[in-house]
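Participant: Quick one: structure below, then a few questions.
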Amino acid sequence: MNIVVLVKQVPDTYSERKLHDADHTLDRDSADAVLDEINERAVEEALLIKEAQGGNVTVLCVGPARATEAIRKALSMGADSAVHVSDDSLHGADVLQTAKVLAKAIGTVDDVDLVIAGNEATDGTSGTVPAIIAELLGLPQLTHARKVEIDGGVVKVERETTDEGLTHLQASLPAVISVSEKINEPRYPSFKGIMAAKKKPVSTLTVADLGIDAGEIGLANAWSTVLDVAPKPPRTSGEKAEDDGSGGTKIAEYLIAQKLI
Ligand SMILES: Cc1cc2nc3c(=O)[nH]c(=O)nc-3n(C[C@H](O)[C@H](O)[C@H](O)COP(=O)(O)OP(=O)(O)OC[C@H]3O[C@@H](n4cnc5c(N)ncnc54)[C@H](O)[C@@H]3O)c2cc1C
């Protein structure tokens, strides 16, 4: 099994995340950057499949030079190699451009059987990249997987639809899947894994290497534009009700006033 895992470096959700005032793109210096947690789970799933079936796990990232840190983390977990697409012209790239670049970069990996992504990135949160890639590559897509099984040339997936609903999907390989946070618990990189990661091959590509014209991508060519941004209003302190024996009534009155009951 040759598996490509799509990994994104994102601002740590524990940091205060900011956008540049001028063009509303991400201010990458304002926050710590980490491998997105959902992508740790995607890497974990690829490693579990490889451990059961053999094969190779390649991680693929579109991101600035600093994204090598996220790539190294995925390699230290146990992935075999990486492809890093890094190009200044990608600044402000939209979802469609990002998916196009990822799809072309997947094409640089030999005989791919399975592409594994997270279901949604914690920064962009569009949750559309895996589906667009499947469309561009003409592959079946099985999204929001909470369980994955490879059975010969077939991938079977339990897809969560609602709190209680499940859909069982299957498709022949090659295919694109995206995983939800319920899929597994990612492993921590071992010391041996961290040392080994330093020597694993990382191929760094520009958009020109992928046959994409730099003049077609980036903020100026995005199909969608962030027009305005505003910080979330600070949380208010809430309303305090003294319980003088009528606490239950006060709570009920409050909920009725808020139209919650
Ligand atoms: C601060 C900020 C500003 C933005 N401004 C604009 C804008 O002006 N116009 C516009 O159109 N869009 C804008 N975007 C959207 C941005 O281009 C998307 O974040 C990006 O294209 C990927 O979409 P997503 O994060 O929603 O991915 P999702 O679809 O939510 O990600 C799902 C999965 O796809 C994979 N994936 C996604 N991105 C990558 C990647 N780069 N490398 C490897 N795997 C990946 C991962 O496995 C991920 O878990 C902005 C995003 C941010 C964070």
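The values are calculated or read from the model by the stated rules, or taken from the named source; none is laboratory data. On a predicted model such as this, the values are computed, not experimentally measured, just so you know. Ideal geometry is used to build each Cβ from the backbone, glycine not excepted, and the neighbour counts take in all protein chains shown. Just so you know, the surface numbers come from the protein's heavy atoms only, side chains and all, with ligands and any DNA or RNA stripped out. Shrake-Rupley method; radii C 1.70, N 1.55, O 1.52, S 1.80 Å.
Participant: Looking at LEU90, LEU136 in this structure, which one is more than 10 Å from the ligand (Cβ to nearest atom) and of a type in the set (A, V, I, L, M, F, W, C)?
Facilitator: The match here is LEU136.
Participant: Here are the criteria: (1) near the ligand (Cβ under 10 Å from one of its atoms); (2) assigned to a loop (DSSP other than H, G, I, E, B). Tell me which single one ALA99 does not satisfy.
Facilitator: (2)
Participant: If you don't mind, there's one more thing I want to ask. Within the bounds of segment 183-202, is there any residue that is open to solvent by 40 Å² or more (accessible area, probe 1.4 Å), in contact with a helix residue (DSSP H, G or I) (Cβ under 8 Å, 6 or more places away or on another chain), within 16 Å of the ligand (Cβ to nearest atom) and not aromatic (Phe, Trp, Tyr)?
Facilitator: Scanning segment 183-202 turns up at least one residue that is open to solvent by 40 Å² or more (accessible area, probe 1.4 Å), in contact with a helix residue (DSSP H, G or I) (Cβ under 8 Å, 6 or more places away or on another chain), within 16 Å of the ligand (Cβ to nearest atom) and not aromatic (Phe, Trp, Tyr).
Participant: Can GLU164 be described as farther than 19 Å from ASP36 by Cβ and at pLDDT below 95?
Facilitator: It is true that GLU164 is farther than 19 Å from ASP36 by Cβ and at pLDDT below 95.
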